[in-house]
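The values are calculated or read from the model by the stated rules, or taken from the named source; none is laboratory data. Every value quoted in this text rests on a predicted model; they were computed, and no experiment measured them. So basically every Cβ, Gly included, is an ideal-geometry build from the backbone, and we count neighbours across all protein chains shown. Please note that ligands, DNA and RNA were not included when accessible areas were found on the heavy atoms of the full protein model with its side chains. Shrake-Rupley method; radii C 1.70, N 1.55, O 1.52, S 1.80 Å.
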Amino acid sequence: MNDAPRTYDVVVIGAGPVGENVADRTRAAGLSTVIIESELIGGECSFWACEPSKALLRPVLVRADARRVVGLDPGTGRALDAAAVLAHRDEIVSNWTDDDQVDWLTSVGVDLVRGHGRMEGPRHVAVRTPDGATVRLEARQAVAVCTGSRAALPDLPGLDTLRPWTSRNATSAHEVPGRLAVVGGGVVAVEMATAWRGLGAQVTLLVRGTGLLSRMEPFAGEMVAESLREAGVDVRFDTTVAAAVREDGPGGEVRITLADGGQLVADEILFATGRAPRTDDIGLESIGLTPGSWLTVDDTGVVPEVPGGWLYAAGDVNRRALLTHQGKYQARITGAVIAARANGESLDERPWGAHRTTADTAAVPQVVFTHPEIASVGLTTTEARRTGRHVDVVDYEIGSVAGAVQYAKGYQGKARMLVDPDRSTVVGVTFAGLGVAELLHSATVVVAGETPVERLWHAVPAFPTISEVWLRLLETYRG
Ligand SMILES: Cc1cc2nc3c(=O)[nH]c(=O)nc-3n(C[C@H](O)[C@H](O)[C@H](O)COP(=O)(O)OP(=O)(O)OC[C@H]3O[C@@H](n4cnc5c(N)ncnc54)[C@H](O)[C@@H]3O)c2cc1C
């Protein structure tokens with residue numbers, strides 16, 4: 001073991017999408033940068049989350065859309081070719097290898113140390129490498145924690161012998177289970193219920209609350225629940241899992257006991273019941289923080305609880321928005337902040353300034369890849385009510401727009417726009433309908449740009465596209 005630390009300007013712990021982007025930005029600014037990764041470069045998103053889940057969902061959603069297009073033969077009643085879909089998913093995740101991403105790190109000049117990183121006091125990180133050695137690193141300017149999150153499991157007795165699915169199994173399984181019980185009502189639960197139902201599993205969705213997607217506009221969850229039921233998913237609300245056990249032996253069934261005494265048998269049980277930060281073993285105690293806690297950051301990405309301004313946290317681990325694109329946005333800004341401070345430059349911390357993650361609180365976009373798709377950015381009515389913010393709420397049925405009529409027979413969808421009446425700007429938008437994912441960025445530009453409603457009248461949507469819903473929302477608002 002060599003005890004002398006290797007010194008870099010910046011040490012990044014975790015090479016998921018967010019860590020990669022912090023490292024890219026600091027390196028591009030001329031700072032020497034090393035990144036530490038204990039699993040695969042690319043993180044959860046590339047291998048067990050965004051990428052494989054969307055590879056599973058794409059054929060399911062295209063077929064559901066195609067069933068509403070006259071003249072196509074989407075194979076109604078026939079199952080999808082699950083083996084082909086799973087093989088395609090394997091290709092999308094490069095069979096869980098990260099050679100391409102390693103090449104990319106090399107091409108941008110970022111050093112890589114494989115192994116588990118732990119802080120050992122301020123600015124010092126020790127990496128336990130796969131061959132049992134320890135590499136010590138010291139950061140002149142900054143340590144950026146980008147260790148992400150893992151699935152949080154409920155505290156059920158016998159969990160160790162249950163062998164439940166988490167999001168990792170749900171995105172990497174190589175066989176379609178006959179019966180799949182999905183516990184949860186959030187994004188991962190509804191996307192995975194959609195995917196595995198489409199691939200042929202009998203799916204039961206066990207939701208503790210009274211609806212799906214509780215953080216979004218209520219109509220979003222209602223439409224997804226209705227569509228899941230139409231697709232044959234058994235959606236049960238007000239349902240809590242009290243116990244679950246797996247029968248002995250290979251292929252043993254899962255016996256689930258519900259809080260109301262009901263019983264359910266499944267081949268697999270997926271817990272999509274939230275996320276926990278991967279901070280339990282990164283040496284937080286050595287810098288006065290509590291292991292296992294989320295890392296709260298300010299709008300420049302700094303963890304203010306730690307003196308000296310050298311510790312940053314970006315991505316899932318700071319709990320601001322557990323989304324790849326938002327974490328990468330934080331990473332770009334965090335990288336710029338680290339570089340500016342290293343060069344002795346002052347920061348532009350004004351709202352929407354180069355060194356402030358304003359969008360984290362004003363304009364987080366999210367797509368739920370279900371049938372229908374849900375796309376939202378900014379405020380929802382629930383959030384406006386919770387924070388006491390006065391907004392005008394404008395609703396429109398997307399199915400009445402010519403583009404939607406062309407898109408699919410019997411198109412049903414809903415758009416909601418929230419306007420701040422004092423500033424006359426749009427502060428939140430939600431679309432629910434087929435093909436609305438690609439509409440979302442128009443809403444994000446409007447919200448982040450704080451475009452006055454009067455100016456939006458001059459943004460002319462092409463005919464006949466679903467984007468004409470913007471015009472109808474404006475007319476409804478004026479009316
Ligand atoms: C099923 C599912 C689907 C999703 N779909 C989407 C989607 O469509 N779009 C979207 O925007 N978001 C999606 N997300 C969320 C997205 O996956 C995360 O927001 C994103 O991966 C966060 O990136 P990150 O870099 O912060 O963390 P991660 O991707 O978790 O990466 C963290 C990295 O740090 C490494 N690490 C952790 N601890 C250490 C340590 N001590 N030493 C060294 N390395 C360490 C890990 O191995 C990992 O590689 C989805 C999530 C799930 C679960």
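Here are the numbers for this structure:
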| item | result |
| --- | --- |
| Residue match in segment 221-239 (condition: under 15 Å from Val182 (Cα atoms), in contact with a Gly (Cβ under 6 Å, 6 or more places away or on another chain) and either in contact (Cβ under 8 Å) with a residue 40 or more places away in the chain or surrounded by fewer than 22 Cβ atoms within 10 Å (Cβ to Cβ) (or both)) | no |
| Answer residue from segment 388-419, given it is assigned to a loop (DSSP other than H, G, I, E, B) and out of contact with any Leu (no Cβ under 8 Å at 6 or more places or on another chain) and is nearest to Ala432 (Cα to Cα) among those | Gln412 |
| Which numbered condition Leu40 misses (of (1) within 23 Å of the chain's Cα centre (by Cα); (2) away from the ligand (no atom under 11 Å from the Cβ)) | (2) |
| Residues being open to solvent by less than 30 Å² (accessible area, probe 1.4 Å) and either away from the ligand (no atom under 16 Å from the Cβ) or hydroxyl-bearing (Ser, Thr, Tyr) (or both) - total across segment 310-341 | 7 |
| Which numbered condition Glu468 fails, given (1) open to solvent by less than 20 Å² (accessible area, probe 1.4 Å); (2) of a type in the set (D, E, K, R); (3) modelled with pLDDT under 95 | (3) |
| Evaluation of Glu383 against (1) more than 23 Å from the chain's Cα centre (by Cα); (2) part of a helix (DSSP H, G or I) (one fails), failing number | (1) |
| Selected residue (only one of Val401, Val460, Val426, Val393 is in contact (Cβ under 8 Å) with a residue 24 or more places away in the chain, more than 30 Å from Glu51 (Cβ to Cβ), of a type in the set (A, V, I, L, M, F, W, C) and open to solvent by 10 Å² or more (accessible area, probe 1.4 Å)) | Val393 |
| Flag for Leu56 being over 14 Å from Gly14 (Cβ atoms), in contact with a Gly (Cβ under 7 Å, 6 or more places away or on another chain) and among the hydrophobic types (A, V, I, L, M, F, W, C) | no |
| Any hit, segment 242-258, residues being among the polar types (S, T, N, Q), open to solvent by 40 Å² or more (accessible area, probe 1.4 Å) and under 26 Å from the mean Cα position of the chain (by Cα) | no |
| Single residue of segment 262-293 satisfying the filter (within 12 Å of the ligand (Cβ to nearest atom) and without any contact (Cβ under 8 Å) to a residue 40 or more places away in the chain) that is least open to solvent (accessible area, probe 1.4 Å) | Pro291 |
| Where a residue in segment 430-454 is closer than 18 Å to Tyr396 by Cβ and its partner, wherever it lies, is among the acidic types (Asp, Glu) and part of a loop (DSSP other than H, G, I, E, B), with Cβ under 6 Å and at least six apart | Thr430/Glu217 |
| Helices (runs of 4 or more DSSP H) wholly inside segment 90-192 containing at least 3 residues that are under 30 Å from Gln330 (Cα atoms) and open to solvent by less than 30 Å² (accessible area, probe 1.4 Å) | 167-172 |
